[in-house]
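Report on the following structure.
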Amino acid sequence: MDEIDVSTAFSRAPGRPREPQTDERILDAALRLMAQQGFVRMSMDMVATEAGVTKPTIYRRWPSKIELAMAALVAYCDVTLPTVVGDTRTDLITELEHFRHAILRPNGMSLLGTVLAEEHETPELLAAFRKYLVTPRRQRLTAILAAAQTRGELSANADIGLAVNMLVGALYAQYLAATPFTEDWCTRVVDAVLVCLGHRTNADKAG
C-alpha cells in the first residue's frame with residue numbers, strides 16, 4: 001500500500017468554500033465509526049449516513065477512505081496543550097491530567113485499539129496516531145524532566161526515558177485494570193515517579 005501524506009488530508013479541491021460545521025460532522029462520524037466498527041468495516045456510506053451528508057460531499061473533501069481516516073485522527077489529536085510554568089511537579093501533574101482527559105474521552109481507547117489492531121493492514125493510521133498524539137506528549141514530558149535535570153533537581157544519570165514510560169504507562173495500566181480514576185490520581189502517579197527519580201526541590205537542596 002502506498003504511503004499517504006497526512007498533509008493531503010487537509011487539501012481542498014477548487015470549488016465552493018468549505019463549511020467548517022460539515023467538516024466537523026464528517027470527521028466526528030468517521031472517528032465514532034472507526035472506534036466502533038474498525039477502519040476496514042467502516043464505509044463511506046456509513047460515514048455519510050452518520051454525518052447526515054451525501055457521499056459526494058465527503059469525496060469532495062477527502063478522495064479516499066484512508067485520507068478521511070487520517071484527517072479524522074489528526075483532528076482528534078489536535079488539542080490545545082497546557083502551559084509549562086517551570087515547576088517540575090506542577091507541570092507533570094498538569095500534563096498527565098491533560099493526557100488523561102484526552103485519551104479517556106468518548107471512543108478514545110476504542111480508537112487506540114482500532115489503530116493497533118489494524119496496524120498490519122493500515123500502518124498509516126498508527127503512524128499518524130504516534131506522530132500527532134504519542135510523540136508530542138512524550139516530547140513534552142521529556143522536556144519537563146530534562147529541564148529539572150538541568151536545574152539539578154534530578155541526578156545526571158536519572159533515566160528520563162523510563163520515567164516517561166512510567167507516567168504514560170500508568171494510565172493504560174489503570175484503565176485496563178478497570179480501576180476508577182480518583183481525583184488525585186495524577187498527583188499520586190507523579191509523586192511516585194519523582195520519588196523514584198530522587199527528585200529534589202530548591203528547598204531540599206537548601207536544607
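The values are calculated or read from the model by the stated rules, or taken from the named source; none is laboratory data. Quick caveat: nothing in here was measured; it's all calculated off a predicted structure. Using ideal geometry, Cβ is built from the backbone for each residue, glycine included, and neighbour counts are taken over all protein chains shown.
Some points to look at:
- Residue that is nearest to Ala30 (Cα to Cα) [pool: residues in the stretch 88-120 that are under 13 Å from the mean Cα position of the chain (by Cα) and basic (Lys, Arg)]: Arg105
- Any hit, the stretch 2-15, residues being in a helix (DSSP H, G or I), of a type in the set (A, V, I, L, M, F, W, C) and at pLDDT 95 or above: no
- If you go through the stretch 80-114 and keep only what is surrounded by fewer than 18 Cβ atoms within 10 Å (Cβ to Cβ) and polar (S, T, N, Q), you end up with Thr80, Thr83, Thr90, Asn107, Ser110.
- Filter result for the condition that a residue is more than 19 Å from Cys77 (Cα to Cα) and of a type outside the set (D, E, K, R), over Ala192, Ala128: Ala192
- Of all residues in the stretch 184-207, those satisfying the criterion of being in a loop (DSSP other than H, G, I, E, B) and either at pLDDT below 95 or surrounded by 13 or more Cβ atoms within 10 Å (Cβ to Cβ) (or both) are Leu197, Gly198, His199, Arg200, Thr201, Gly207.
- Residue within the stretch 121-141 that is more than 16 Å from the chain's Cα centre (by Cα) and surrounded by fewer than 19 Cβ atoms within 10 Å (Cβ to Cβ) present: yes
- Checked against the criteria, Ala117 does not count as surrounded by fewer than 19 Cβ atoms within 10 Å (Cβ to Cβ), out of contact with any Phe, Trp or Tyr (no Cβ under 8 Å at 6 or more places or on another chain), farther than 26 Å from Thr80 by Cα and without any contact (Cβ under 8 Å) to a residue 40 or more places away in the chain.
- Within the span defined as the stretch 132-149, every residue fails to be farther than 30 Å from Leu68 by Cα, outside any helix (DSSP H, G or I) and either touching a Ser or Thr at 6+ places or on another chain (Cβ under 9 Å) or among the aromatic types (Phe, Trp, Tyr) (or both).
- Among the residues of the stretch 150-161, those identified as surrounded by fewer than 13 Cβ atoms within 10 Å (Cβ to Cβ) and either β-branched (Val, Ile, Thr) or part of a helix (DSSP H, G or I) (or both) are Thr150, Gly161.
- Options Tyr59, Tyr76; residue that is within 17 Å of Pro20 (Cα to Cα), in contact with a Leu (Cβ under 8 Å, 6 or more places away or on another chain) and hydroxyl-bearing (Ser, Thr, Tyr): Tyr76
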